[in-house]
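Everything on this sheet refers to the single structure shown next.
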Amino acid sequence: MSVFRGLTSRRPFTLLGIVLALLVIVAFVLVALNANSGSTVPYQSVVVATKDLQPRLPIDAGSVAIKRLPVPNNYPQVFFNRISDVEGMIPLVTILMDQEITSNVVVKPSQALGSQSEYLPIPSGYVALTIPTSEQQGVADYIQPDDYISIIATVSSNGKVASKTIFTNVHVIKVGMSSSTGGTATASSLTIVVTECQAELTTWFLTYASLKYSLESFHDYLKSGTQSPDPNCKTVTDAQGVTLQMVKTIYPTLF
């Protein structure tokens with residue numbers, strides 16, 4: 001009788017052990033099911049950075065690559081699937097290496113404004129300068145970005161009028177447009193790339209003379225390539241100002 005009573009007294013603990021064992025088994029099954037369900041998330045090919053991408057610098061094809069990542073089908077379409085989709089776009093923030101490129105951190109060049117716009121294509125040692133233009137002054141609005149022009153100055157001094165080409169192979173990077181009567185857009189300004197010394201001379205001629213522009217043949221400037229540093233004005237600190245006497249020395253035939 002005492003043995004039977006001992007077995008009876010231990011029965012609740014035995015049942016409790018069985019219940020706990022069943023709970024552990026159920027927990028393992030649930031974990032396995034969750035793991036299996038997680039592994040069914042489809043993989044997609046997305047564009048990632050292969051190096052740190054800095055703001056305002058256009059993305060080139062060599063800075064990105066395609067990588068397959070698990071992306072749920074119902075995930076918002078913020079990724080890019082082709083390198084060509086991001087090539088030339090402008091990062092708004094620093095994109096780190098191996099980071100996925102998403103639509104909220106890049107914009108097209110035409111959409112980049114203000115402090116987030118891309119850097120102007122200005123070679124080292126050069127500056128951008130905006131000069132006025134018009135239909136007759138600027139080749140009937142045929143001058144377009146990436147064209148190269150020559151600048152002709154006309155000076156009237158001591159009863160003498162003379163004209164001379166003061167600069168050639170001047171790179172135009174932007175054409176400013178304004179609306180005229182009837183809503184027709186006409187060119188009103190040209191943004192050019194020159195040395196700081198040339199910028200000072202151009203400013204002097206804009207003040208004391210008149211300027212006209214001629215459009216160079218694309219056959220000529222395609223051969224010239226990029227602008228190399230000017231040995232006479234390598235940096236902006238080399239510009240020392242402009243005086244009438246200096247202009248007379250540089251362009252004696254104008255006076």
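I'd like to check something: does the range 155-169 contain any residue that is surrounded by fewer than 16 Cβ atoms within 10 Å (Cβ to Cβ), free of Cβ contacts under 8 Å to residues at least 40 places away in the same chain and not polar (S, T, N, Q)? Taking every residue of the range 155-169 in turn, at least one turns out to be surrounded by fewer than 16 Cβ atoms within 10 Å (Cβ to Cβ), free of Cβ contacts under 8 Å to residues at least 40 places away in the same chain and not polar (S, T, N, Q). Selection of the range 239-253 for residues being touching a Lys or Arg at 6+ places or on another chain (Cβ under 9 Å) and part of a helix (DSSP H, G or I) yields only THR253.
Under the condition of being buried (at least 16 other Cβ atoms within 10 Å of the Cβ) and part of a loop (DSSP other than H, G, I, E, B), which residue from the range 99-120 is modelled with the highest pLDDT? Step by step, filter the range 99-120, then rank; the result is ILE101. Regarding VAL93, is this residue aliphatic (A, V, I, L, M), under 30 Å from ILE122 (Cβ atoms) and either at pLDDT 85 or above or outside any loop (DSSP other than H, G, I, E, B) (or both)? Judged against the criteria, VAL93 is a match. The sole residue among SER214, SER188 that is among the hydroxyl-bearing types (Ser, Thr, Tyr) and at pLDDT below 95 is SER188.
Taken over the range 241-255, the criterion of being in contact (Cβ under 8 Å) with a residue 24 or more places away in the chain and polar (S, T, N, Q) is satisfied by THR253 alone.
Quick grid of which residues meet (1) small (Gly, Ala, Ser); (2) within 17 Å of VAL247 (Cβ to Cβ); (3) not assigned by TED's automatic domain parsing to the domain that holds VAL155:
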site	(1), (2), (3)
ALA187	yes, no, no
THR195	no, yes, no
THR207	no, yes, no
SER210	yes, yes, no
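The values are calculated or read from the model by the stated rules, or taken from the named source; none is laboratory data. Every value quoted in this text rests on a predicted model; they were computed, and no experiment measured them. Every residue, glycine among them, receives a Cβ derived from its backbone with ideal geometry; neighbour counts consider all protein chains shown.
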